[in-house]
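Each remark here refers to the structure printed beneath this line.
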Amino acid sequence: MAKAKFSITGKNDNPTKFVAKARNFEIVIDEPENLGGTNAGPNPVEYILAGYAGCINVMGHIIAKEQGIELNGMEISLEGDLDPDKLFGKPTDARAGYQEIRLRVKPDSSATPEQLKKWIDEVESRCPVNDNLANTTPVKVEVV
């Protein structure tokens, strides 16, 4: 199968609000008021969690079907911890991103615990967002 390419474009509305276009969808990214934003949408790190949950959802259903597991639905929750000191330019040895992300998946299924363990292991190994979070991905930044 050929590589699939995904892209977004966008422009800032103000110093904290960015409006992205993905296909024919508009995505508003902003900071909460307590971080100097206008609270017009989730912030970038919240979108990381939402994207991860969305990918787990898709992969969960695909893999359940492949494994013959009846999956009526899923509840997914994520939380992550990051140290904002680096973000705000304060001296720190902490990295700027999440130090840890915790993912909880509650499948609505009659599958056995053994089946669900095999299922979630496969979901985790095949989820592209999980892969990007768990492994270093080369990023090329260019100012034009």
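Taking the stated definitions as given, is Gly54 assigned to a helix (DSSP H, G or I) and at pLDDT 95 or above? Judged against the criteria, Gly54 is a match.
For region 66-96, the set of residues classified as among the charged types (D, E, K, R) and open to solvent by 60 Å² or more (accessible area, probe 1.4 Å) consists of Glu66, Glu70, Glu75, Glu79, Asp81, Lys86, Lys90, Asp93, Arg95, listed by residue number. For region 62-69, the criterion of being within 28 Å of Val28 (Cβ to Cβ) and out of contact with any Pro (no Cβ under 8 Å at 6 or more places or on another chain) is satisfied by no residue at all. Name the residues in region 126-139 that are part of a helix (DSSP H, G or I), open to solvent by less than 80 Å² (accessible area, probe 1.4 Å) and under 15 Å from Ala64 (Cβ atoms), would you? If the condition is that a residue be part of a helix (DSSP H, G or I), open to solvent by less than 80 Å² (accessible area, probe 1.4 Å) and under 15 Å from Ala64 (Cβ atoms), then no residue fits.
Within region 66-89, the residues that satisfy the criterion of being out of contact with any Asp or Glu (no Cβ under 8 Å at 6 or more places or on another chain), over 17 Å from Cys55 (Cα atoms) and at pLDDT 95 or above are Gly68, Ile69, Glu70.
Return yes when Glu31 is touching a Gly at 6+ places or on another chain (Cβ under 8 Å), within 22 Å of Thr9 (Cα to Cα) and not aliphatic (A, V, I, L, M) and no when it is not. Yes, satisfied. Filtered by the rule that a residue be modelled with pLDDT of 95 or more, out of contact with any Asp or Glu (no Cβ under 8 Å at 6 or more places or on another chain), closer than 22 Å to Gly97 by Cα and open to solvent by 60 Å² or more (accessible area, probe 1.4 Å), region 8-48 gives Ile8, Asn12, Pro15, Glu33, Pro44, Glu46, Tyr47, Ile48. Going by what's in this entry, would Gln99 be described as farther than 21 Å from Gly54 by Cβ, in contact (Cβ under 8 Å) with a residue 40 or more places away in the chain and surrounded by 10 or more Cβ atoms within 10 Å (Cβ to Cβ)? Considered against the rule, which asks whether it is farther than 21 Å from Gly54 by Cβ, in contact (Cβ under 8 Å) with a residue 40 or more places away in the chain and surrounded by 10 or more Cβ atoms within 10 Å (Cβ to Cβ), Gln99 comes out as no.
Across region 34-57, the qualifying residues are those that are among the polar types (S, T, N, Q) and touching a strand residue (DSSP E or B) at 6+ places or on another chain (Cβ under 9 Å), and the one among them that is nearest to Gly10 (Cα to Cα) is Asn43. Within the option set Met74, Met59, being in contact with a Lys or Arg (Cβ under 6 Å, 6 or more places away or on another chain), closer than 24 Å to Ile27 by Cβ and not in a loop (DSSP other than H, G, I, E, B) holds for one residue only, Met59. With respect to the conditions (1) within 26 Å of Ala4 (Cα to Cα); (2) outside any loop (DSSP other than H, G, I, E, B), Glu79 falls short on a single one, namely (1).
The values are calculated or read from the model by the stated rules, or taken from the named source; none is laboratory data. Worth saying up front: this structure is predicted, and the values here are computed from it rather than measured. Positions of Cβ are generated from backbone atoms using ideal geometry, with glycine treated the same way; all protein chains shown enter the neighbour counts. Each accessible area value is taken on the protein alone, full model and side chains, heavy atoms only, with ligands, DNA and RNA left out. Shrake-Rupley method; radii C 1.70, N 1.55, O 1.52, S 1.80 Å.
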